[in-house]
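Visitor: Quick one: the structure is below, questions incoming.
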Protein chains: 2
Amino acid sequence: MAITDASLVALRVFREVAERGTFTAAAVALGYTQSAVSRQIATLERAVGADLLERRHEGVRLTTAGQIVLRRAVAVAEQVEAAARELAGLPGAGGRVRLGWFTSAGTGLVPQALAELRRTHPAVTVTSREGSTPALIRALRAGSVDLAVIATEPPHRPPDTDGPPLRTRVLTDRSLMVAVPATHPLAGGSFVDVADLRGQEWIGGHSSGGERLMGVWPGLDERPVVAHVARDWLAKLHLVAAGCGLTTIPPVLAGMVPAGVRVLPVRGGPDEGRRMTLAWLYDPLPAPAARLAEALEAAAATGS
Amino acid sequence: MAITDASLVALRVFREVAERGTFTAAAVALGYTQSAVSRQIATLERAVGADLLERRHEGVRLTTAGQIVLRRAVAVAEQVEAAARELAGLPGAGGRVRLGWFTSAGTGLVPQALAELRRTHPAVTVTSREGSTPALIRALRAGSVDLAVIATEPPHRPPDTDGPPLRTRVLTDRSLMVAVPATHPLAGGSFVDVADLRGQEWIGGHSSGGERLMGVWPGLDERPVVAHVARDWLAKLHLVAAGCGLTTIPPVLAGMVPAGVRVLPVRGGPDEGRRMTLAWLYDPLPAPAARLAEALEAAAATGS
DNA sequence: GATTGCCATGACTTCTACTCATACCAGGTA
DNA sequence: TACCTGGTATGAGTAGAAGTCATGGCAATC
């Protein structure tokens, strides 16, 4: 038994696991049971003769062997897809770029860059999808996006260590802000002191495990009171406007809040810079991806 | 069912069939029965949704869809092999070239070029194998050799039409000769007239179907008398020396016949030029293959 | 200490992918 | 014409791969 006896299915399953980060999520995505995924991976590991994944409580991480196999599995999948396209008489993937972006890039930066790109390079076709920063990094490594706009927070270290280092370029670098109801006592000033944030009611995001809780000012020395939970920015901001509480807001969104909301910087705490970073895996970027990268940088520059 | 549901085994089988030219030969090579190969191909064709092979009485030929799938199957196999090498901690295939050569290139040209190459570029590792010209062309297309020394005869047209045209370069271009026993009446002159070849006894190669019969002068207007059959050049030439008959001999071998054999040109018939041609599939050749190609050309130039 | 979110595994079932034997088909030869 | 040869296809049977379900174990969190 050797890797040559692996199956395309096993490689696809492995890639999905690498992308989703857990067997369970990969199983759901593929329409299998978790147990089927577990067995596929076990079989693949037996074929390869080494562990591909390090099982940890919050999911799995690639081992060195896993990184090798993932890279090849992605290449194999690309060949198979290319064959399918050719057989269907479709054009190659030449002018296509797949972009991933994390939520707060979706309101300004990404649409703006896409509009610009369509004007300047109409031949480039972009497909895109939203995702959390860790999910996007896994997607880059799993080859399911070519380019990703991710978020980093202080201390802005390299976002993972699971393989060849990501190439990155900082798009924007500004500080987190708070959105307060216009009727709120704090709305009067031109900034908020971090001490004033104690005891406030917050409108938070889902605190689903692993991902940090969004919406509540980080580093408060108390357990925050989360009065409302919402995933959507527009909903959150309307809740703020309705006076239901405060929420944090990335600076890129500051310009597009509804009436009844004031956005203010926060002073007196540690730096809460939020970088939007463009990330990709291998240099050089293919031409269409490079065009998109330029458009994103241009949009970041004008938007700031 | 789509090509994405194909299996690595099926792709490997398909590639082997493309290389061997028949299901039966592929089955033998892979240790399967012919029926297993037939079913694998049928399944793959169903998955792809098109015929991959045109069944003909003497074997199979690739259809257009088959050419597409073969190219991708080769790329997939390369990825898998690369993964295996990486996992085993071996170096990549960087400095390796796989050469194919047809029989009469094996006595002079190939060893000479390899010796020269080892001297000038010791970092290049060459593996090589013998094969008939059609087999070598299939091997090129199946990606199992990188470079091939093949033979062509008049009218020297492109050797096949099964896919992207082969790149070629002529190495040598000389005429077929006959080897006669030194004791034979014809051995006295400095050439032989084609008319004198009638009624002679010949030492032939295996006339196994498809491949043309080697050893007997082509185009005789009689059924030749094949007194002995041998595959090996040295055996053939020793049979000639023993006075058992005549045989044809490619010019590259003229200089290395044993005592008791005379090699003579033939006049009076149509041109029986025999070209040795270097062939490969995709430009540009990777560096190590290019070095080998140069060495082969140099050897061809000095040898003539 | 209970709960939650992971992965592994035993028991069972289905379906895939072999083998063997045989049929079939086209060309070449007696 | 009939037969042989060298090829592919296919019916029948079987072993094993690859799913599902149900359950168990483990580590972190509340």
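Visitor: What number of residues within region B:17-33 are surrounded by fewer than 22 Cβ atoms within 10 Å (Cβ to Cβ) and more than 9 Å from DNA strand D (Cβ to nearest atom)?
Guide: Adding up the residues that qualify gives 5.
Visitor: Take the residues in region B:20-67 that are assigned to a loop (DSSP other than H, G, I, E, B) and more than 14 Å from DNA strand C (Cβ to nearest atom); name whichever of them is farthest from the other protein chains (Cβ to nearest Cβ).
Guide: Step by step, filter region B:20-67, then rank; the result is B:Gly21.
Visitor: In region A:261-304, how many are open to solvent by 30 Å² or more (accessible area, probe 1.4 Å), modelled with pLDDT of 85 or more and small (Gly, Ala, Ser)?
Guide: So the count comes out to 3.
Visitor: Would you say A:Ala36 is surrounded by 19 or more Cβ atoms within 10 Å (Cβ to Cβ) and either within 12 Å of DNA strand D (Cβ to nearest atom) or among the aliphatic types (A, V, I, L, M) (or both)?
Guide: Spelling it out, it is not the case that A:Ala36 is surrounded by 19 or more Cβ atoms within 10 Å (Cβ to Cβ) and either within 12 Å of DNA strand D (Cβ to nearest atom) or among the aliphatic types (A, V, I, L, M) (or both).
Visitor: Within region B:37-70, which residues are without any contact (Cβ under 8 Å) to a residue 40 or more places away in the chain and in contact with an Asp or Glu (Cβ under 9 Å, 6 or more places away or on another chain)?
Guide: Within region B:37-70, B:Val37, B:Glu45, B:Asp51, B:Leu52, B:Leu53, B:Thr63, B:Ala65, B:Ile68 qualify.
Visitor: Could you check region B:115-127 and list, in sequence order, the residues that are in contact (Cβ under 8 Å) with a residue 24 or more places away in the chain and surrounded by fewer than 20 Cβ atoms within 10 Å (Cβ to Cβ)?
Guide: Our first condition is that a residue be in contact (Cβ under 8 Å) with a residue 24 or more places away in the chain; within region B:115-127, this holds for B:116-117, B:120-121, B:123-127.
Scanning region B:115-127 gives B:Glu116, B:Thr120, B:His121, B:Ala123, B:Thr125, B:Thr127.
Visitor: Another one. Taking the conditions exactly as written (within 10 Å of DNA strand C (Cβ to nearest atom) and within 9 Å of chain B (Cβ to nearest Cβ)), does A:Ser7 satisfy them or not?
Guide: yes
Visitor: Same structure again: What are the residue pairs meeting all of these: first residue in region A:73-96, first residue more than 7 Å from chain B (Cβ to nearest Cβ), second residue part of a helix (DSSP H, G or I), Cβ atoms under 6 Å, and 6 or more apart or on different chains?
Guide: A:Ala73/A:Leu11; A:Ala73/A:Phe14; A:Ala73/A:Arg15; A:Gly95/A:Pro288
The values are calculated or read from the model by the stated rules, or taken from the named source; none is laboratory data. Small disclaimer: the values here were computed from a predicted structure and weren't measured. So basically every Cβ, Gly included, is an ideal-geometry build from the backbone, and we count neighbours across all protein chains shown. Remember, those area values only see protein heavy atoms, side chains included, never the ligands or the DNA or RNA. Shrake-Rupley method; radii C 1.70, N 1.55, O 1.52, S 1.80 Å.
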